[in-house]
Amino acid sequence: MSDRLLKGIGVSPGIGVGTAVVVRWSMPEVPHRVVPRARVEKEVRRLRAAIRDQKRYLEAMREKAKDRAGVDEARIFDAQIMMLEDKEFLTGVADLIRENHLAAEKAYEFKTLEVRDLWAASGNPRLKDRLADLSGVAVRVIEHLMHRGSDDLWEGITQPSVVVAKELSPGLTVQLDREHVVGLVSEEGTRTSHAAILAHSIGIPAVFGVAGAIDQIEPGTMVVMDGKRGTVLLQPTPHEIAEAQARELSRRELDAQLEEVLDQPAVTTDGLRIVLRGNVDLPDEIKPARDHRAEGVGLLRTEFLITGHTDLPSENEQAEYYARVARAFPGHPVVVRTYDLGGDKLPAPFRAPSEVNPQLGWRAIRVCLDRPEIFRTQVRAVLRAAKHGDVWLMIPLVTRIDELDRTRALVAEEAARLAREGIPAATSVPVGVMIETPAAAVMADRLAAEADFLSVGTNDLTQYTLVVDRGNARLADRFTPHDPSVLRLLNMVSDAARRAGKPASVCGEMASEPLSAFLLLGLGFETLSVAPPALPYIRWTVRQVSAARARAAAEQALGARTAEDVLDLLRLALAEAVDLRLLDPDGRLPAGRRAASLNV
Ligand code: PEP
Ligand code: MG
């Protein structure tokens, strides 16, 4: 099967079964043509006429998009019109015509290729996303200038077809006839490209980024593509088609069930209320977290304010951002984690020498405490934002209790200074520690007694407990937060917090995965902070399980020999309450060795 299976990125979910129609839509061959000096101005006028014509076309596409995809999606075409009318670009083309006497289409092609290369080489993902928009506009302008009508690519498609292309422009995508085009496959394109956004809104399954698709998929071949998994299977057997369709049915069933519990609290069948918060790494994630009814932000990562910038963010800029997040979650806490900059990703303003062992080096709270001028600015911003909501402060990678003491002292000093300066700010904020090192886990009783709250970062806790670099692909199968050693530390933390009467949550990736969330609640964690897209799955899972069963499973897990044994027993326990096949039609749940063959 492997030679029949092509892989890409699923950008619009759903299964498409049909014959492949390969469209070779690309920049036309533009002959090198120069014009006599006397005709130069005429060429410039031809260029302007082509731009006017293309503008009318884009306006028509905008109306189409409004009807088919929605008002927001229609703005994609406003952006294209801006691109089309870009003064600098058009002046560049006109200059090429005037100075080199090039025919308008050749000059336009030159300029387009120049910009294309620049965008492709920029390393800027936003510009990469817009490459198809650029080509979409250019192809039509050039075709107009060459007196070629733009073909209606979709006209000949009369039976269920999967369109295969090198690249799809938004203009082509918005015109797709959903009855006949049942799926899209393209070599280029990203999850956030405009064609992907439109395919998603119109409801056509799509897989982009399939390298070599045009050469490998013969026109007329039967294809089954899966826009969730990001796969394209050539010449599928009837069994494979049936399997794909069953998978899709499961997904739809699950989606309906997730929708049903959207506004329901995460309560176990025996009445234990679990608080579900969101992890927000970038401002874009505020909305999905709210849409999925996050009860606040359990981990507001702040590194993006620094990485990729040449200057440090100002106090005002930070205060505004933290307050904005707080206002987005009224009545719920927002936990601002102070800069977690690693030895391997120290941005320019820190100017630190490189280290032999960065993961064991100058990281996180160590950096903040050594650079108080930077830390104080962040703390002041948090205190100011706390005037607008329930804002907490959390310090990463704690290994020693004095890191908490020094942070508290610094918070108190800055609160007093703000008061003296007459700047509106809270007089204090809850200060919590992340438990992400074995040292902190072992000292959890002390830390729980002295901090206002604990939050476990299982990503780093796993890395430092198992001595496995979390980013090392070679060791990926050793990176397992289900290892009994990690579970025992988690258990110590939850015990310590309970004894001290302090809240403890888990904000590592583990909490975003249903099987592990079940384990965590069994270990006694009643607050989980998860990636926004995972919120519905965790809510749905929690509502079907009993805390008593989760506790029994966690107890067994603590006594297990290996991570595989832990996963096996968790799968078996969770399968008593939850339809795992519904939850996991794509085989994404971590599987223990035996569980996979037990088919639960
Ligand atoms: C963690 O380590 O689990 C955590 C949440 O922090 P980060 O992933 O940002 O290091
Ligand atoms: Mg961490």
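The values are calculated or read from the model by the stated rules, or taken from the named source; none is laboratory data. These numbers were taken from a predicted model, which means no experiment stands behind them. Cβ: placed from backbone, ideal geometry, glycine included. Neighbour counts: every protein chain shown. Surface areas here come from the heavy atoms of the whole protein model, side chains and all, with no ligands, DNA or RNA. Shrake-Rupley method; radii C 1.70, N 1.55, O 1.52, S 1.80 Å.
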Net length gained if the chain between Asp402 and Arg75 were fully extended (0.36 nm per residue, minus Cα distance): 112.5 nm
J(HN,Hα) series, the stretch 416-426, from Karplus relation 6.51 cos²θ - 1.76 cosθ + 1.60, nearest Hz, glycine and proline x: 5, 5, 4, 5, 4, 7, x, 8, x, 6, 6
Given charges at beta-carbon only (K, R positive; D, E negative), |dipole| of the chain in Debye: 760 debye
Theoretical FRET efficiency, 1/(1+(r/R0)^6), r = Cβ-Cβ of Glu88 and Ala211, R0 30 Å, to 0.05: 0.35
Computed label-point distance, nm, for sites Arg581 and Asn100 using a 7 Å Cα→Cβ extension: 6.3 nm
Flagged links, alpha-carbon separation over 29 Å, of Lys66/Lys228; Lys66/Lys111; Lys64/Lys287: Lys66/Lys111
Relative pair counts by distance (%), Cα atoms of the stretch 387-495, 10 Å bins: 14, 37, 26, 16, 6, 1
DSSP-defined beta bridges in the stretch 258-598 - what % are antiparallel, rounded to 5: 5 percent
Label-point gap, in nm, between Ala409 and His239 - each point 7 angstrom along Cα→Cβ: 7.0 nm
With DNA, RNA and ligands ignored, accessible area of Lys66 (1.4 Å probe; Å², nearest 10): 90 Å²
Förster radius 51 Å - calculated FRET efficiency between Val35 and Arg420 (Cβ-Cβ, nearest 0.05): 0.10
Volume of the Cα convex hull of the chain, divided per residue and given in Å³: 183 Å³
Accessible surface, 1.4 Å probe, highest first, among residues His388, His147, His482, His332: His147, His388, His332, His482
The chain: antiparallel DSSP beta bridges as a percent of all, rounded to 5: 30 percent
Nearby aspartates and glutamates by direct alpha-carbon distance to Lys7 (threshold 17 angstrom, same-chain neighbours under 8 apart not counted): Glu167, Glu187, Glu188, Asp215, Glu218, Asp226, Glu240, Asp586
Cα-centred dipole magnitude for the stretch 37-145, charges only on beta-carbon of K, R (+1) and D, E (-1), debye, nearest 20: 320 debye
Zone of Leu282's modelled label, taken as backbone nitrogen in the stretch 321-339 under 18 Å from a point 7 Å along Cα→Cβ: 321-322, 325
Mean accessible surface per residue for the stretch 37-145, computed with a 1.4 Å probe while every protein chain stays in place, in Å²: 52 Å²
Nearest-0.05 FRET efficiency for Asp67 and Ala121, computed from C-beta distance (R0 41 Å): 0.65
Nearby aspartates and glutamates by direct alpha-carbon distance to Lys87 (threshold 15 angstrom, same-chain neighbours under 8 apart not counted): Asp95
Simple spin-label estimate for Ala60 and Asn316 in nanometres, 7 Å along Cα-Cβ: 4.9 nm
Under 16 Å from the Cα of Lys42 - lysines, other chains or at least 8 residues apart: Lys106
